[in-house]
Every structure is written in structure tokens, then in C-alpha cells.
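Right, one structure below, let's go through it.
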Amino acid sequence: MNAMMISDYDVFLFHEGSMQQAYQFMGSHVRRTPSGTYTEFCVWAPNARGVRLVGSFNDWNGLHYKLSKRNNEGIWTIRVDGNLSGETYKYEIMTSSGVKKLKADPYGVASEKRPRTASMVYELQGFQWEDEEWLEQRSKKTVYDQPMFIYEVHLGTWKKNKGEFLSYKELAQELIPHVKEHGFTHIELLPITEHPFDRSWGYQSTGYYSPTSRYGSPHEVMQFINECHVHNIGVILDWVPGHFCKDAHGLYEFDGSFVYEYGEERDRENYTWGTANFDLGKGEVRSFLLSNARFWMEVYHIDGFRIDAVSNIIYWANQGEMSPNDGALQFLKKLNQSVFEYDSSILMIAEDSTDWPQVTSPVHYGGLGFNYKWNMGWMNDVLKYMETPPSERRDVHSLITFSLLYAFSENYVLPFSHDEVVHGKKSLLNKMPGDYWQKFAQYRLLLSYLVAHPGKKLLFMGSEYAPFSEWKDLEEIDWHLTSYEFHHKFNSYFKELLHLYKGAKPLYELDHRSEGFEWIDVNNADQQIFSFIRKAKESNDHLVVICNFSPNVYHQYKVGVNLASYYEEIWNSDDDRFGGSHQVNPHPLHVHQGAYHGRDGYVEMTIPPYAAVYLKPIN
């Protein structure tokens, strides 16, 4: 056994905080040379008194497997003769106080299935990717003017087999056809980095480089992503660079000292989640996370990241939104710069509930450098409006209109995520007031409004069936609902809505530019009717959208429109095919000349109850 060689330049970049491929030398690696095969191990433990390698290959006895200290900053290495693929291991760390700790490898690329916690030597090379066409097309597209409707999925509870998790292979066989059938463009996976506790949903991770073994092996993850790409579905990874769980085998107090986390308790402790905050100002921690992002892109062909809890990163923990964390802000900027330097077509989506400016502006223009941000304000406002009794909605009219005052200040994703349908918040359907019919009508209206509002879209799994129950995070989604008439009709409605969305350029081409949206009537609080225009890049390619948030039907209702010969109704969420009352406009609507709503013409039409209507001009 001999210590391996790492270049001095690699070491310099690692400690400086700009290393983006630390996984090439940190962790475990099987190396083949003309003189033989060996397995290398490398770990950073700056305050350890000593480090030993223990595992299934040495009966967990590290007496003869002592790592050598590479430098004073705490890089430890060892080379073991032979191919140790499939063997499990941990680092036995002797702390400065003489306590022994058994730690999984922070850079380990595979893990034992929980509740066991050891890392596993695994050769990632050798998988045959077939997604060259997808990657080429992705690189050619401008993401901003493309349709994007994301399906947010928790793999453990999307579907089960006799109460057990589906494997990555089974998920590829069942989830991908489901996503294609419904028309989603992307799958966003709740964190699949290794985590010990099922009900953390992956947000409290111990293995950032190790896809969870709950559902299978690393190569099976690659196969899942590969199949998504073959079927033109993007894959976004929910990623948590702000905090990590405190289980004994993980990153917390890794060598007996605060290595990955802050030294000061008030900065370190994340009391909300019972986790520890990464010290994002520390060079080695930055290299760990920058390299992790690169790892998922390079090794797993991930198409993007949804960055969890950005507000917890921007501001110092436990100090409120008064004290920005400069080191963390610099990390976010460096992260986004490094990702886009590697591949400018990657999605970097901030889950940020703050009003921090220029989140989606490039770093060289003073921004944080993301290309998307969840619009949490819109989500909260529109759900509060929908939960308000219709008789009182005139008093909260601005909850609908306010979002258009800032809709183009950032590049937004409009999210109805898992956070809105769990912990007693009710399902989206059950948030709607009224009786059975009214709930479905308003839910159809809500999603039609979502599609028509500027911004990309996200919906949590199961919501495509309009469940009455919120997400049950130990059970699969309510697949039986399709046997009920209204749920079946709703599911048909949803599929048609997404098909219409992807085929209508006015609904997505100018999502992030103010010239893509124009109010027709923004002030009709008494009737609770909102009307507006969505425009495409091509001149006169537009849709008129009318949303009625009241239970009333209005006949011969006038809507001001641009001059054309006719407008035709291409979408009506009140169609009886969807379970509606069928207050539709089956014939082309003649455009009358005459000023109305500040326009040169108008149509007279039927406005259905609790419904959205899209009109298209015919010249």
C-alpha cells in the first residue's frame, strides 16, 4: 500500500475554494495500470490525529490501513492493492481529543441501503449513454422562449409495488410514459442524494455524491436519466447546498471539529430543520459543493438544479433578513458562474422567498446569476385568493393583479409544489371553497390561470388527478381516482391543457418580457373577472384570456379586443367534457368596431362560472 499522488495545483484549488472536479481525486477510485490494479482513497480531515480505512475487505480492522497525511491542511490518502469494487467502507477517524469516529466518505459515490450507512466502492465508468441528440438539442435552444411545465416528483411515493419502493428501472418503465402522456417537459426529483431518514424527503443528506440506494445503483440512475432524455424529458435535481443532516456517520463534526459547518453555534445550527448549515465561506466546502454540481452534470447528465432554501443561504442563520451572508452570496455567484461556464443550457432555479434583487441577473451585471427563480409571492397570493370565499373576493382583488407589477423583474417559475399540499395545508382541490362541483370548477380555473400567467410552470405529482387528500408522504399517490367520473374528466382536462400550452407560442415565448402581456380589464373587482392578452414574438400572434373567479354566468358580456374579423374560443375550462356546465362559445365571435376597454373593437360572449376562456383571432 502506497500513498497516491495528487498534483500541487489540485491541492491549491481545493483549499482555495475553486476546485470544480474534486471528485476525480477525493473519495474512492479503482485505478488500472500496466503494473496492476489498485483502489485509491482520499479524504479531507484537517484536525484529525489519524485516519484509518475500515471496511468489508479488512473485517473492519484498520490496523494496517493507515492513511498518510498529504499536507498540513488535512488531506489524507491511501492506496490499496486490488479492485475493491462492491466493498463497503468507512473512515475511522481519531480526533484530537482521542475519540474515534466512523464516518462515511463525503465523496463516496455509492452507499449501503439504509439503515446501514457505509460507503461503497463503485466504478461509475462504463455506462453507455444514448442521449447525444438530447444534449445537442438542449445546447441549441434558448430556454427562456421554450415551454416548460415541470412535474415535481418524490420517487419513494409516486407509486409503490406492494408497499415497496419502485426501483430506478421500474420508475423508468412507468414514470416516463406517465410524464409523456400528460405533456410535462421536465421531471424535478426531490433530492435523491443519500439520506438516512425517509421522511426528510431527501432534504437532509449524508451522501452528496451518492444517489440513494433505496431505488437501486448509480448505473440504474444513469439509465433512468438516459431514458428521460431519449423521450425528450429534462431532469432537474432538487439540490441542498445550504445545510446537511447531523447523523453520526455524516458530515457533522467530521473529524471531531466543525469541518463542513460553521464554528459558531448561532451560525451553525439550523433550528428549523434540526440540521447544520454549511460554512459557505470556507474554501474546501465551496470546492466540495462546486464539484458536486459539476459531478451531477458531468457524470449523470442532469439538466438543471432547483436550489433549496436560498433564503437560508442569502442571510445569516437565526438573524432574520437583516444581515446578508457575504461568503454565502459569493458562493452562489461562483456556483452559477461555474455551472454556466461548463454548460450554458443548464437550469439553475432558486427556491427563494425573499425580495433579494437580481436573483436571475448575470453575476457580471450585479446579480446572483441564477436563470430562474420560484415565484413564491405569486403562489401565496393566488392560493390565498382562491381560498377566499367568492363573496369576499372583491375585497382581495389585488392578490391577483399584484404579481404583474413585478412579473418581469426576474425569470420566474410559478410553483404549486409539495410544500403547498402537505402538513395540513390540504390538496389544491380541497383548498377551493364551495361544494363538490364548485371545487373542481375552481381547480380547473386555477390551472388554466397558471398556464396563462407569464412564467414557467411546476406542479407536484398527483395534482394531475385532483386529489381531495393532501400528499401522504408514506404512501403512493391516489391512483384509484381515475375510476371516479370527475377525477377522470379532470385528468383528461389537464392533459388537453398541457397539449394546448405547448402548442401555443403566446403562452410561453415572451414569458419574461413585458411586451408579452397586456391587461384588457384589470379593475372588475365586483364581477371578479380578469381579462388580458398573451403575445408571441410574431406580430399579431396572441391569445385573449378571460378568467371568471365568480359563480355567475354572464351572457353577451363585452370584452375589448384588437381588431380582427373574428375570435374563436380555443379553450374553455367549463366544457362538459371536463365536468363543467358547458357555458361555451361554440361559434366564432364577430369583432364589433367601437372603443371598449381602451381598444378599437370588442366581442360579445358568454362568460362561464368559475372558468377560464382563451380566444384566438381569426383574420
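The values are calculated or read from the model by the stated rules, or taken from the named source; none is laboratory data. Being a predicted model, the structure only gives us computed values, none of them experimental. Methodologically, a virtual Cβ is constructed for each residue, glycine included, from the backbone with ideal geometry; neighbour enumeration extends over all protein chains shown.
Only a single criterion out of (1) under 29 Å from residue 491 (Cβ atoms); (2) out of contact with any Gly (no Cβ under 8 Å at 6 or more places or on another chain); (3) not in a helix (DSSP H, G or I) is not satisfied by residue 199, namely (3). For first residues located in the range 581-600 and under 9 Å from residue 561 (Cα atoms) and at pLDDT 95 or above, partners that are surrounded by fewer than 17 Cβ atoms within 10 Å (Cβ to Cβ) and aromatic (Phe, Trp, Tyr) and lie 6+ apart or on another chain with Cβ distances below 8 Å form the pairs 591/566. Within the range 590-618, the set of residues being hydrophobic (A, V, I, L, M, F, W, C), touching a Leu at 6+ places or on another chain (Cβ under 7 Å) and assigned to a strand (DSSP E or B) comprises 603, 605, 611, 612, 615.
Criterion applied to 526, 576 was being surrounded by fewer than 16 Cβ atoms within 10 Å (Cβ to Cβ), within 20 Å of residue 448 (Cα to Cα) and of a type in the set (D, E, K, R), and the one residue passing it is 576.
Looking across the range 386-423, the residues that are in a loop (DSSP other than H, G, I, E, B) and either hydrophobic (A, V, I, L, M, F, W, C) or modelled with pLDDT of 95 or more (or both) come down to 388, 389, 397, 406, 407, 408, 409, 410, 411, 417, 421, 422. If you go through the range 560-573 and pick out every residue that is under 25 Å from residue 496 (Cα atoms), surrounded by 17 or more Cβ atoms within 10 Å (Cβ to Cβ) and of a type outside the set (Asp, Glu), you end up with 4. Applying the criterion of at least 3 residues that are surrounded by 21 or more Cβ atoms within 10 Å (Cβ to Cβ) and of a type in the set (A, V, I, L, M) to the strands (runs of 3 or more DSSP E) found wholly in the range 46-153 leaves 75-81. One residue stands out in the range 392-421 among those that are hydroxyl-bearing (Ser, Thr, Tyr) and surrounded by 20 or more Cβ atoms within 10 Å (Cβ to Cβ): the one that is farthest from residue 550 (Cα to Cα), namely 412. Within the range 364-379, the residues that satisfy the criterion of being assigned to a helix (DSSP H, G or I) and either buried (at least 18 other Cβ atoms within 10 Å of the Cβ) or touching an Asp or Glu at 6+ places or on another chain (Cβ under 9 Å) (or both) are 376, 377, 378, 379. Kindly indicate whether residue 473 is assigned by TED's automatic domain parsing to the domain that holds residue 538, buried (at least 24 other Cβ atoms within 10 Å of the Cβ) and touching a residue at least 24 places away in the same chain (Cβ under 8 Å). It is false that residue 473 is assigned by TED's automatic domain parsing to the domain that holds residue 538, buried (at least 24 other Cβ atoms within 10 Å of the Cβ) and touching a residue at least 24 places away in the same chain (Cβ under 8 Å). Of everything in the range 14-45, what is assigned to a loop (DSSP other than H, G, I, E, B) and either without any contact (Cβ under 8 Å) to a residue 40 or more places away in the chain or of a type in the set (Phe, Trp, Tyr) (or both)? Give them in sequence order. Matches in the range 14-45: 25, 34, 35.
Checked against (1) touching a Ser or Thr at 6+ places or on another chain (Cβ under 9 Å); (2) buried (at least 22 other Cβ atoms within 10 Å of the Cβ), residue 225 passes all but a single condition, namely (1).
Restricting the range 176-216 to residues that are of a type in the set (Gly, Ala, Ser) and out of contact with any Lys or Arg (no Cβ under 9 Å at 6 or more places or on another chain), the residue that is surrounded by the fewest Cβ atoms within 10 Å (Cβ to Cβ) is 200.
For the range 230-248, the candidate set comprises residues that are of a type in the set (Gly, Ala, Ser) and assigned to a loop (DSSP other than H, G, I, E, B); within that set, the residue that is nearest to residue 139 (Cα to Cα) is 242. Only one of the numbered conditions (1) more than 22 Å from residue 144 (Cα to Cα); (2) without any contact (Cβ under 8 Å) to a residue 40 or more places away in the chain; (3) buried (at least 19 other Cβ atoms within 10 Å of the Cβ) is violated by residue 264, and that is (3). Residues considered: 575, 511. Of these, the only one that is of a type in the set (Asp, Glu) and farther than 17 Å from residue 443 by Cα is 511.
Which residue, of 227, 284, 188, is modelled with pLDDT of 95 or more, farther than 22 Å from residue 20 by Cα and part of a helix (DSSP H, G or I)? After applying the criteria, what remains is 227. Taking residues in the range 428-439 that are on the phi > 0 side of the Ramachandran plot, and partners anywhere that are in a loop (DSSP other than H, G, I, E, B) and not aromatic (Phe, Trp, Tyr), the pairs with Cβ atoms closer than 8 Å and at least 6 places apart or on different chains are 434/551.
Scanning the range 271-283 for residues that are buried (at least 22 other Cβ atoms within 10 Å of the Cβ) and either touching a His at 6+ places or on another chain (Cβ under 8 Å) or hydroxyl-bearing (Ser, Thr, Tyr) (or both) turns up 275, 276, 277, 278. Do we find a residue being buried (at least 18 other Cβ atoms within 10 Å of the Cβ), in a helix (DSSP H, G or I), of a type in the set (Lys, Arg) and in contact (Cβ under 8 Å) with a residue 40 or more places away in the chain anywhere in the range 304-315? Checked against the condition, which is being buried (at least 18 other Cβ atoms within 10 Å of the Cβ), in a helix (DSSP H, G or I), of a type in the set (Lys, Arg) and in contact (Cβ under 8 Å) with a residue 40 or more places away in the chain, the range 304-315 yields no hits at all. The criterion of being touching a residue at least 60 places away in the same chain (Cβ under 8 Å), assigned by TED's automatic domain parsing to the domain that holds residue 450, more than 15 Å from residue 614 (Cβ to Cβ) and over 35 Å from the mean Cα position of the chain (by Cα) does not hold for residue 521.
Applying the criterion of being under 22 Å from residue 498 (Cβ atoms) and not aromatic (Phe, Trp, Tyr) to the residues of the range 154-172, the residue that is surrounded by the most Cβ atoms within 10 Å (Cβ to Cβ) is 171.
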